[in-house]
Amino acid sequence: MNKLAKLDQRYVWHPFTQMRDWLRAEPIVIVEGRGAVLRDARGREYLDGNSSIWTNLHGHQHPKINAAIQRQLKKIAHSSALGLANEPASLLAERLIRAAAIRPGTRSTRRTSRHASTPPLAKVFFSDDGSTALEVALKLAYEFTRRTRGPKARPRFLSLSGAYHGDTIGAVSLGHIDLFHAAYGGMLFKTDAVMSPYCYRCPFNRARPERQDARNYRKCKWECVGQVEKKFSTQSKRGNPYAAFVFEPVMQGAAGMIAQPEGWLEQATEIARSHGALLIADEVMTGFGRMAKKAESGKAGKRKRTGILVPQIFATAQAGVIPDFLCLAKGMTGGYLPMAATLTTQRVFDAFLGKYEEFKTFFHGHSFTGNQLGAAASLASLDLLQSAGSIRARAELQRNLERELQSLWDLPAIGDIRQAGLVAGIELVRDWRTREPFPAAARAGIRVCEAMARRGVLTRPVGNVIVLMPPYCTTKAQLQQMVMALREAVMETHRCAD
C-alpha cells in the first residue's frame with residue numbers, strides 16, 4: 001500500500017464515510033490536478049466527474065486563479081474583518097451584489113407579481129462554507145422576525161422534505177434527511193417540512209414510467225404547490241406565520257439531485273411572500289452558473305462592450321425570484337479555498353442598527369471572514385464566469401451533456417435522468433417499469449461509482465443517484481468518457497434483463 005494511503009487510514013476520519021468500509025481497501029490518494037483531470041499517488045489519472053464535490057468551476061490549476069492568489073500572497077493572506085476592512089473583500093462584495101441583481105428582460109420584469117415590491121439584495125456577510133452561510137441567514141431571519149413582529153414572536157421555519165442545508169446545528173435543524181439528521185434530534189430545534197416537487201416519485205403523479213425525465217411526462221394538478229399553500233395557510237391560522245421559507249432553487253442536491261419542474265419555484269415563493277415569509281435561497285450548490293438555461297444565450301443579461309450577453313449566474317435571479325437571503329459557497333472561489341457569503345437586503349441590515357448600548361449588533365462571526373486570499377480567488381473566478389469564452393464553453397458543455405445522457409435510457413437499471421444546467425442526477429432502480437428502488441444494503445450507487453473509478457472517472461453517489469457535475473473546462477471527449485464509464489459501470493454492476 002502507498003505510504004500516503006497508510007497514513008490516511010491510520011490518522012484521517014473522512015466525512016460521510018463508513019470508515020470500516022474505508023479501511024478495507026487502499027484509498028485513492030490525489031496528489032495533482034489540472035483542468036478536469038486528477039492524478040493519484042500511483043500516477044493514475046481520473047476525470048473529475050463531480051467537480052471535487054461540487055466546488056470546482058473552471059478546472060484545477062487554472063492559470064488566472066493561480067495568478068490572482070499569487071498576486072495577493074505578495075501583499076497579505078489574511079487580516080481580521082473584526083474592526084478592519086480589506087481591498088479584495090470590498091471589491092468582491094460589490095461584484096456579488098451586482099451579479100445577484102435581476103436585470104431587465106428576466107421573467108420577473110416581464111410579469112406582474114408580488115416580487116415587484118421586494119427590496120434588492122444590498123449587503124454581504126462573509127463566512128467559511130455552506131453550513132455557515134445558512135447559519136448566518138437563519139440567525140438573521142430569526143432576529144429580524146423578532147424585531148419586526150415583536151419580542152414575543154416565535155419564529156418558525158419551513159423547508160422542503162429531503163432538505164439538506166449543512167451540518168452546523170441550525171443548518172441541520174432546517175434539514176429533513178433522517179439518515180443524516182436523526183442522530184442529532186435531541187440537539188435540534190423544530191422546523192417544518194413541505195413536500196418536495198420530486199416528479200419521479202411524486203404520489204400525485206399519475207403518469208406511467210417512460211424513458212425520459214419524469215418532469216416532461218408528469219400528469220398532475222400541481223398538488224405539490226397546493227401542499228405549500230396548505231402549509232402556509234395552516235401556520236398563519238395558528239397566529240404564528242412562518243418567519244421564512246428555505247429552499248434550494250431549481251435543484252435539491254443532497255436530497256437526490258431532485259430537479260424542480262418549470263414554474264414550481266416562482267409559484268412556491270409567491271405563496272411564501274403572500275404569507276409574509278422571508279425567502280432564504282440556498283445556492284451553495286446551484287450558484288455560479290450551474291443552473292443555466294438550455295442554451296445559456298444570455299437573454300437575461302446586459303450586453304458588455306464585447307457584444308456578448310452576460311447571463312444570470314444565480315438560479316434565483318434567472319427565475320426572477322428575489323430572496324431576502326442568498327447563501328453562497330462551494331464554487332465561490334472556483335473551488336480553490338473555503339469561503340462563503342450570505343447576501344441580504346438593506347431592510348434586514350437596518351434592523352440591526354442602533355446605539356452601542358442597545359446591543360442590536362449581529363453577534364456572529366468567523367476568524368477568516370472576508371479573507372484576502374479567498375476574495376482574490378473569487379474575483380478571478382467571477383471574471384472567468386462572465387467572460388465570453390466561458391459563457392460559450394458552458395453553453396456547449398451543457399448541450400453535449402444533454403446529448404450524451406440520452407445514451408443511457410436503454411439501460412433497464414436507469415429509472416430517471418434529471419438534468420438542470422450543468423448538473424445531472426441519474427437514478428438507479430431495480431425495475432424502471434415500477435420505479436422499484438434498490439435497498440440501502442445493495443449499495444447500488446456506491447458500486448457504480450467504484451466501477452467508474454476503475455474506468456478513470458471519479459464521482460460520488462447520493463444514495464441510488466449517480467451525480468455528474470463536470471468542471472466547465474471539460475472537453476467533449478472527456479464528457480463522453482464520463483458518460484461511457486457510467487454506462488459500462490451500470491452494465492457491470494446491475495445486470496438485469498429488460
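The combined condition, being touching a strand residue (DSSP E or B) at 6+ places or on another chain (Cβ under 6 Å) and in the same structural domain as A315 (by TED's automatic domain parsing), is fulfilled by F245. Selection of the range 314-364 for residues being under 16 Å from the mean Cα position of the chain (by Cα) and modelled with pLDDT under 95 yields A317, Q318, A319. Of note, S233 does not satisfy the criterion of being in contact with a Ser or Thr (Cβ under 7 Å, 6 or more places away or on another chain) and polar (S, T, N, Q). Limited to the range 37-67, what total is found for residues that are more than 21 Å from V462 (Cα to Cα) and in a loop (DSSP other than H, G, I, E, B)? Count: 8. Among strands (runs of 3 or more DSSP E) entirely within the range 117-221, having at least 2 residues that are over 14 Å from A244 (Cβ atoms) and either at pLDDT 95 or above or not hydroxyl-bearing (S, T, Y) (or both) singles out 121-127. For the range 18-36, the tally of residues that are part of a loop (DSSP other than H, G, I, E, B) and either surrounded by 16 or more Cβ atoms within 10 Å (Cβ to Cβ) or not small (G, A, S) (or both) stands at 8. Taking the range 469-494 only, how many residues are under 25 Å from S387 (Cβ atoms), aliphatic (A, V, I, L, M) and either in contact with a strand residue (DSSP E or B) (Cβ under 8 Å, 6 or more places away or on another chain) or not in a helix (DSSP H, G or I) (or both)? Summing the residues that are under 25 Å from S387 (Cβ atoms), aliphatic (A, V, I, L, M) and either in contact with a strand residue (DSSP E or B) (Cβ under 8 Å, 6 or more places away or on another chain) or not in a helix (DSSP H, G or I) (or both) in the range 469-494 gives 2.
Can you report the number of residues in the range 447-464 which are over 17 Å from I28 (Cβ atoms) and crowded, with 23+ Cβ neighbours inside 10 Å? I'd like the intermediate steps shown before the answer.
If we filter the range 447-464 for residues that are over 17 Å from I28 (Cβ atoms), which is where we start, we get 462-464.
From what's left, crowded, with 23+ Cβ neighbours inside 10 Å: 464.
So the answer is 1.
Do any helices (runs of 4 or more DSSP H) entirely within the range 325-405 hold 3 or more residues that are assigned by TED's automatic domain parsing to the domain that holds I280 and either under 30 Å from F245 (Cβ atoms) or among the acidic types (D, E) (or both), and if so, which?
Values: elements: 346-350, 372-385, 388-405.
Helices (runs of 4 or more DSSP H) meeting the threshold: 346-350, 372-385.
Applying the set (1) over 19 Å from A351 (Cβ atoms); (2) surrounded by 15 or more Cβ atoms within 10 Å (Cβ to Cβ); (3) without any contact (Cβ under 8 Å) to a residue 60 or more places away in the chain; (4) not hydroxyl-bearing (S, T, Y) to R146 leaves exactly one unmet item: (1).
The values are calculated or read from the model by the stated rules, or taken from the named source; none is laboratory data. A quick note: this is a predicted structure, and the numbers were derived from the prediction, not measured. In this analysis, Cβ positions are derived from the backbone assuming ideal geometry, glycine residues included, and neighbour counts consider all displayed protein chains.
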